[in-house]
Amino acid sequence: MANSIFLATKELTKIYDSITVLQGVSIDFYKGEVHALIGENGAGKSTLCKMLSGAISPASGQIVIEGQAYDGLNPEESKKLGVGMVYQEFNLVAELSVYENMFIGKELKKGAFLDKKEMIRRAKEVFENMGVELDVMKTISQLSVAYCQLVEIAKALLENSKLIIFDEPTAPLTNNEVDVLFEIIHRLKEQGIAIVYISHRMDEIFNICDKVTVLRDGQYITTQTIEETSREELIRLMIGRELSSEFPERVENIYKDDEIIMEVENLNTSKIHDISFQLKKGEILGLSGLVGSGRSEIVRAIFGADRIKSGDIKINGEKVTMKTPQDAIKKGVALLPEDRKREGLMLNQSIKLNMTITFIDKLAKGPFVNKKMEQDSVEKSVKLLSVKLASVENPISSLSGGNQQKVVLAKWISTGCDILFFDEPTRGIDVGAKKEIYDFLFRLKNEGKSIIIISSEMPEILGLCDRILVMYEGKMMGELDAKEATQEKILTLASGITE
Amino acid sequence: MTKKKDISTFITAYQKFGILVILIVEIIIFAILSDKFFATNNLMLVGRQISFFGMSAVGMTMVLLLGEIDISVGSILAFSGCLAVKLMEEGGINPFIACVIAVGISVLFGFLTGVFVTRFQIPSLIATLAMQQIIKGCTYLLTGGIPIRASSEGFKFFGQGFVFGVVPTPILFMIALFIIGFVVLHSTCFGRRIYAVGGNNEAARLSGIKTNKVRIIVFMISAATAGIAGIIMASRMGTGQPSVGTDFAMDVLTATVLGGVMLTGGKGKILNVFIGAIIIGILTNGLVLLDVLEYWQWIVKGFVFLFAVAMSNIELFFNKDK
């Protein structure tokens, strides 16, 4: 039963804006086998899965399903051929019942009317096969997250899926719920269904998977059976790359007196738990961890962008409350958000407005903007950060990613803040601009500013930071000094493994 | 390729000169079709008509720049005029003070709208639809549905007088409001914040802007400009008329959107709104001169509004398949 291939990818490649995100990936997925896909953020796992589910089409390569080769699938074809997907975020209609959700878009009819009886019967049947007791008449809004996930699985089964992709399925679940899920996965496996299992949690991979494939930077590294590999080896394979020269070389903190600028004690929000740390003068502190581990949530909470449940923040030894971003700005704190386009910029507005909006009242006499001061300030920033532009009156959308990021930098530097949070400062930026931003960060550091950096690129974290804090599921797993930190050590902590 | 280029040249040209061309074409058409169009009397009539919704368009421009909408302006127009006249006629209050009170209460309505939109997260379309009904109710409670005649000569000057012997005062008021609007949007911190919030609310919030405060103030400004227009209209008619303003919001919106202000916010220039107001004023007047049945006028205006909105989105429309 477990020895025939259901789906195989052949040399799948995907290119976005001339960047290769997936390169010649070939993997065989067998019936009745749980196959883990692992890799760092951006390794290409989700790109691959999107191709299988038909959300995107490959630039080259083929998908072979039961011997039949396809150059690319659309979502309908993919479903029809038996590929099901359980997303991290559920696609369920909250106010409809379980069975209605399962039959959305493919309702059974009796003449002109819906055949409710039959739909309910079939829905019940699916849950029985899964070994789950659930009233299919309940509306989705009455269900817990775990049950919503079960409904998603039931939906995939109803479509006769022969391969089901689970994308981080255990992330929202409690331990007991995870056990239930694993039982269901076992059952599916016995029924000869192929499972693709994406997870960052090593424990789970060793608990439930038969095989594991490692991807790195869009490339296929290896496939191993779970018996022949180990956690250490997998982590090594996931990192694999050499520190290349595009990443910065660390600069020592010249402020040796260890003056503490900011202190966070037992910070809690709905996403992070009991976070405590200190930030020193002239220091770059790295926040590492996987996407969703609570890195961004820490800086957003301190900056007043998210609601804080409890905890204290001290700046220069004084307790402060920063409920809104404007409170934080007044205390000299700045945040360069993760998503530049959604949170950092007003894309259709001018470069000038984007550069000055954080401190426009300082360029004004009473309510009126002093246009000369405004112009001077903008010119100063353009020069300081060497932003390449035609005119500051042009919309900021006319600039390249790197130059846009420099504008975001400029609007914060000009506020004269002393504490800066950079969330993924070099995402989607070309190598040249990256280097300029690194140099600028070191310059700020030498001026005595205190910086927190969040980055998914480990060499960047290792090259920039004096100390590194590693997060896992909203908790702080540990602190590493830059001198002793290695990619292996970070990834070990980031996978939730404590030695 | 070339076709795409043609389209983008057309878009740029339309955004720069489109409404000027529409205005000129419109004037030529009405001048040819009606010999009364260029008569001094008629031009003054048009000027006065434009000035009422022109004033309100200044506030509406700011509302639309935030990506919001205000359809309660017609009700405020009627309310403010009636209240001012009632206060001075039945309360014996000095006309000037009566006007200040009327605008003040209009602003209060704007504040309420702002609170509903920000604190209670009610979409502005719905919030102002409700406010429109509420304010209309207030107006009819105030007047019993009967127009109130104004006797004060000083008050009538606002709407009926002339400055320098030739320029009707309402036009002057409108021009003053447009200048103030221009200065606010282009030369004040508050103007920058309006564009920032309209451009990207989340980015504006994370830049330390009190986005809710900006919204509330803008709804107050919109109510203020509608309130001022209401007083001047009452003065022009010599009565506080509870039934005015039924099509007012539509005219104001059309003028603003014709001026290139996008309903999605963040983009638009107030000077073009001025031209947009003239276009709508001339259209209304021209249709009357040509003796077009009022029912047909409504239909025409509805289509003009749709046209204006479509043209303000024209870029999105053609860039969709990019």
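Debye calculation, C-alpha points only, no solvent: report log10 I(q)/I(0) for the stretch B:1-107 at q = 0.09, 0.13 Å⁻¹, in the same order as the q values.
Listed by q, the Debye log ratios stand at -0.46, -0.81.
Using only protein heavy atoms and a 1.4 angstrom probe, determine the accessible area buried between B and A, summed over both sides, in Å² to the nearest 100.
On the way: alone 15680 and 23320 Å², together 36950 Å².
Accessible area lost upon association: around 2100 Å².
If you take the charge dipole of chain B about its Cα centre, with +1 on Lys and Arg Cβ and -1 on Asp and Glu Cβ, which of B:71, B:102, B:286 is farthest toward its positive end?
After comparing all options, I get B:71.
When DSSP beta bridges are limited to those with both residues in the protein assembly as shown, what percentage is antiparallel, rounded to the nearest 5? Numbers along the way, then the final one.
On the way: 52 of 87 bridges.
Rounded to the nearest five, the antiparallel share is 60 percent.
Where does chain B land at 222 nm, in deg cm²/dmol rounded to the nearest 500, when only DSSP H runs of n ≥ 4 count, each adding -39500 (n - 2.57), divided by all residues?
Working: 15 runs with 242 residues, N = 322.
-25000 deg cm²/dmol, from helical runs alone.
Taking all protein chains together and a probe of 1.4 Å, list A:71, A:439 from the most accessible to the least accessible.
Details: A:71 110, A:439 80 Å².
Per-residue accessible area, sorted high to low, gives A:71, A:439.
Any chance you could look up the accessible area of residue A:342 with a 1.4 Å probe, heavy atoms only, rounded to 10 Å²?
Probe radius 1.4 Å; accessible area of residue A:342 about 140 Å².
Which cross-chain or sequence-distant (5 or more) residues have an amide H under 5 Å from the amide H of residue A:22, H modelled 1.01 Å from N in plane?
Residues meeting the amide H criterion: A:14.
When ligands, DNA and RNA are left out and all protein chains stay put, how many square angstrom of accessible area per residue does chain B have with a 1.4 Å probe?
Numbers: 14620 Å² over 322 residues.
Accessible area per residue: 45 Å².
Rounded to the nearest 500, what is chain A's calculated 222 nm mean residue ellipticity when only DSSP H runs of at least 4 contribute -39500 (n - 2.57) each, over all residues? Could the numbers behind the result be given before it?
On the way: 16 runs with 158 residues, N = 499.
So the calculated ellipticity at 222 nm is -9500 deg cm²/dmol.
Excluding residues on the same chain fewer than 8 positions from residue A:383, give the aspartates and glutamates whose Cα lies under 19 Å from its Cα.
A:374, A:393, A:436, A:439, A:447
What is the spin-label model distance, in nm, from residue B:10 to residue A:270 if the labels are put 7 Å beyond Cα along the C-beta direction?
4.8 nm
Given H placed on each backbone N at 1.01 Å, which residues far from residue A:84 in sequence or on other chains put an amide H within less than 5 Å of it?
Hits under the 5 Å cutoff: A:162, A:163, A:164, A:165.
Compute the angle between helix A:116-130 and the longest alpha-carbon principal axis of chain A, please, reported from 0 to 90 degrees and rounded to the nearest 10.
It is inclined by approximately 80 degrees.
For residue A:189, list the aspartates and glutamates whose Cα falls under 12 Å from its own Cα; do not include residues on the same chain fewer than 8 positions away.
Cα-Cα hits under 12 Å: A:33, A:210.
For the pairs A:323/A:365; A:281/A:314; A:352/A:411; A:449/A:489; A:14/A:50; A:323/B:210, flag any whose C-alpha to C-alpha distance is greater than 18 Å. Spell out each step's value before the answer.
Working: A:323/A:365 28 Å; A:281/A:314 14 Å; A:352/A:411 10 Å; A:449/A:489 28 Å; A:14/A:50 11 Å; A:323/B:210 12 Å.
Beyond 18 Å: A:323/A:365; A:449/A:489.
Report the full-extension gain for the segment residue A:232 to residue A:19: residue separation times 0.36 nm, less the Cα-Cα distance, to one decimal in nm.
Taking 0.36 nm per residue and subtracting the Cα distance, the gain is 73.7 nm.
Name the long-range amide H neighbours of residue A:93: under 5 Å, sequence gap of 5 or more, or other chain; modelled H, no Pro or chain starts.
Amide H neighbours of residue A:93, under 5 Å, 5+ apart: none.
Normalising by the residue count of chain B, find the relative contact order in percent from Cα pairs under 8 Å and 6+ residues apart. Walk me through the numbers before you get to the answer.
Details: 519 pairs, mean separation 105.7, N = 322.
Over chain B, the number comes to 33 percent.
Between the DSSP loop rule and a limit of at most 12 other Cβ atoms within 10 Å, which GluC sites (Glu not before Pro) in the stretch A:288-365 are left?
In loop regions of the stretch A:288-365 (DSSP not H, G, I, E or B), there are no sparsely surrounded GluC sites (Glu not before Pro).
Which lysines have a Cα less than 16 Å from the Cα of residue A:106, not counting those fewer than 8 places away in the same chain?
Straight-distance partners of residue A:106: A:79, A:80, A:116, A:117, A:155.
For helix A:431-446, report the angle its Cα long axis makes with the longest principal axis of the Cα atoms of chain A; keep it between 0 and 90° and round to the nearest 10°.
With rounding to tens, the tilt is 50 degrees.
With only alpha-carbon pairs counted, each pair once and no self-pairs, how large is the Kirkwood hydrodynamic radius of the protein assembly as shown in angstroms? Don't skip to the end; give the middle numbers.
Values: mean 1/r = 0.0323 Å⁻¹.
Hydrodynamic radius (Kirkwood, Cα pairs) of the protein assembly as shown is 31.0 Å.
Residue-wise, which Karplus ³J(HN,Hα) couplings in Hz belong to the stretch B:59-71, taking 6.51 cos²θ - 1.76 cosθ + 1.60, θ = phi - 60°, and x for glycine or proline?
x, 4, 4, 5, 4, 5, 4, 7, x, 9, 9, 9, 9
Please report, in cubic angstrom per residue, the volume enclosed by the convex hull of the alpha-carbon atoms of the stretch B:25-314.
Working: hull volume 37.9 nm³, N = 290.
Taking the convex hull of the Cα positions in the stretch B:25-314, it is 131 Å³ per residue.
Quick one: what are the phi-derived ³J(HN,Hα) couplings along the stretch A:311-318, Karplus 6.51/-1.76/1.60 with θ = phi - 60°, whole Hz, x for glycine and proline?
3J(HN,Hα) across the stretch A:311-318, in whole Hz: x, 10, 10, 10, 10, 6, x, 10.
Identify, among B:231, B:59, B:45, the residue whose Cα sits farthest towards the positive end of the charge dipole of the stretch B:25-314, taking +1 on the Cβ of Lys and Arg and -1 on the Cβ of Asp and Glu, with the dipole about the Cα centre.
Of the candidates, B:59 comes out farthest on the positive side.
Got a sec to turn the phi values of the stretch A:217-226 into Karplus ³J(HN,Hα) couplings, 6.51 cos²θ - 1.76 cosθ + 1.60 with θ = phi - 60°, whole Hz, x for Gly and Pro?
Along the stretch A:217-226, the couplings run 6, x, 10, 6, 9, 6, 10, 10, 7, 5 Hz.
Working only with C-alpha atoms, what are the Rg and Dmax values of the stretch A:127-248, expressed in angstrom?
Final numbers for Rg and Dmax: 17.4, 59 Å.
The values are calculated or read from the model by the stated rules, or taken from the named source; none is laboratory data. Keep in mind it's a predicted model, so treat the numbers as computed, not measured. Because the Cβ atoms are built from the backbone with ideal geometry, glycine has one as well, and the counts that use them run over all protein chains shown. Heavy atoms of the whole protein, side chains included, go into the accessibility calculation; ligands, DNA and RNA do not. Shrake-Rupley method; radii C 1.70, N 1.55, O 1.52, S 1.80 Å.
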